[in-house]
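What follows is a single structure, written as structure tokens, with notes after it.
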Amino acid sequence: MKKNKPQCTLVQLFSVLAMFAGIILIMGCEGTQGPSGADKSTLERIQQEKVVRLGYANEAPYAYMDNETGQLTGEAPEIAKKILKQMGIKNIEGVLTEFGSLIPGLKAKRFDIIAAGMYITPQRCREIAFSNPTYGIGEAFIVQAGNPLNLHSYDDVASHPSARIGVTAGAVELQYARSTGIPNDRIVILPDPPSAVAAVQAKRVDAFAATSLTVHNLLEKTDTRIERAQPFHDPIIDGKTVVGYGAFGFRKEDEKLLAEFNKHLEKFIGTAQHLSLIEPFGFTEADLPGEITAAQLCQPND
């Protein structure tokens, strides 16, 4: 009997250890199932942290860093500040990104929202979601003084045997250029608008294509070696005159954030407060988007 007693104690010891191991395992499993930061939506996270990161491309008047104040400003950031404040989020962090890297940066979660006046296009809609638009405007060219090649439209560039057009990387103007028949070897892709202005001045390109407001803003800051092409004819693609509609970009999985943002945006766009806010950036009531929605603009061009 005395010889068997240690064996019985050893069995009991293993049983106790097994019991405790089971309890620890169960507790560990329950811990992984509980709420965690990874389970929170972007909307829940930014509401809790009271801060949101905005991706922008430093293109006035849409979104840029004001050198005098050191503050992120422009049409898109100022609207975002108003909307996000209504959502209980007061702290804004700007994340400067090249325009062509905005969508990859959003998808990689470097920031939460694209606030850069980005046009809604069917191609972009395949990658990200958009708020409803905040404006709708046309195009313009910057050309060398005197417009020596007489370029007043994308068609003029396409029909000229040697005219070269500059476009910003990732911008919709590349699509316009190709759709109007300008060959790739006469399209020069540049990293940002200031680089494009320099390219026109240096005669590396004969025209720089951008939105009318971008062109207006750039010419206010540059010398007389360049000018705006006057008159200018917006491109006609698939039988329709092109108007660009700008909006905020969101990750496709951030449906709650987009829905909440759109809810407040709908009540704000077109109000006296909105028009007063965007007036310093060159926008007027004529630039309002009307009744068109992101869902309509995301439809493929048949």
Per GNM of the chain with C-alpha springs under 10 angstrom, the most fluctuating residue out of Ser41, Ser131, Ser153 is Ser41
Using 0.36 nm times the number of residues separating Glu98 and Gln71, minus their current alpha carbon distance, what extension gain do you get?
7.9 nm
Would you mind checking segment 173-201 for residues with the amide N under 20 Å from a putative spin-label position 7 Å along Cα→C-beta of Arg126?
173-181, 184
Per the C-alpha gyration tensor (a ≥ b ≥ c, the square roots of its eigenvalues), segment 139-241 is rounded if a/c is under 1.5, else prolate if a/b beats b/c, else oblate; here it's rounded
Residues of segment 221-243 with amide N under 18 Å of the 7 Å Cα→Cβ point at Lys203
223-227
Within segment 50-64: backbone nitrogen closer than 15 Å to the His216 label point (7 Å, Cα to C-beta):
60-63
Could you work out the helix-only [θ] at 222 nm for the chain, with each DSSP H run of four or more residues adding -39,500 (n - 2.57) and the total divided by the number of residues, to the nearest 500 deg cm²/dmol?
-11000 deg cm²/dmol
Anyone know which of Gly88, Gly249, Gly136 comes out most mobile in the 10 Å Cα GNM of the chain?
Gly88
Pull up the cross-link candidates among the lysines for Lys50, meaning alpha carbon to alpha carbon under 28 Å and not fewer than 8 places away within one chain.
Lys40, Lys81, Lys82, Lys85, Lys90, Lys107, Lys109, Lys252, Lys256, Lys263, Lys267
Where a ≥ b ≥ c are root eigenvalues of the Cα gyration tensor, a/c under 1.5 meaning rounded, otherwise prolate if a/b exceeds b/c and oblate otherwise, segment 67-140 counts as rounded
What trypsin sites (Lys or Arg not before Pro) in segment 194-256 are in a loop by DSSP, with at most 14 other Cβ atoms within 10 Å of the Cβ?
Lys203, Arg204, Lys221, Arg225, Lys252
State which helices in the chain qualify, where a helix is a whole DSSP H run, it must extend 30 Å or more along its own axis by its Cα atoms, and its mean Kyte-Doolittle hydropathy must be at least 0.5.
5-33
The size of the Cβ-based charge dipole (Lys, Arg +1; Asp, Glu -1) of segment 181-259 about the Cα centre, to the nearest 20 debye, is 120 debye
Compute the distance in nm between two label points, each set 7 Å from the Cα along the Cα-to-Cβ direction, one at His264 and one at Arg110.
2.5 nm
Could you tell me the center-to-center distance, by alpha carbons, between segment 87-108 and segment 185-236 in angstrom?
26 Å
Solvent-accessible heavy-atom area per residue, rounded to whole Å², over the chain at 1.4 Å:
53 Å²
Using θ = phi - 60° and the Karplus relation 6.51 cos²θ - 1.76 cosθ + 1.60, list the HN-Hα couplings for segment 113-120 in order, rounded to whole Hz, with x at every Gly or Pro.
9, 8, 10, 9, x, 5, 5, 7
I'd like the carbon and sulfur percentage of the solvent accessible area for the chain, probe radius 1.4 Å, heavy atoms only, ligands and nucleic acids excluded.
53 percent
Contact order normalised by length for the chain, with contacts defined as Cα pairs under 8 Å and 6 or more residues apart; what percent is it?
24 percent
Rounded, prolate or oblate (a/c below 1.5 giving rounded, otherwise prolate when a/b exceeds b/c) for the chain by Cα gyration tensor:
prolate
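The values are calculated or read from the model by the stated rules, or taken from the named source; none is laboratory data. All of these numbers come straight from a predicted model, not from anything done at the bench. Positions of Cβ are backbone-derived with ideal geometry, glycine not excepted, and every protein chain shown enters the neighbour counts. These area figures cover heavy atoms from the full protein model, side chains too; ligands, DNA and RNA do not enter into them. Shrake-Rupley method; radii C 1.70, N 1.55, O 1.52, S 1.80 Å.
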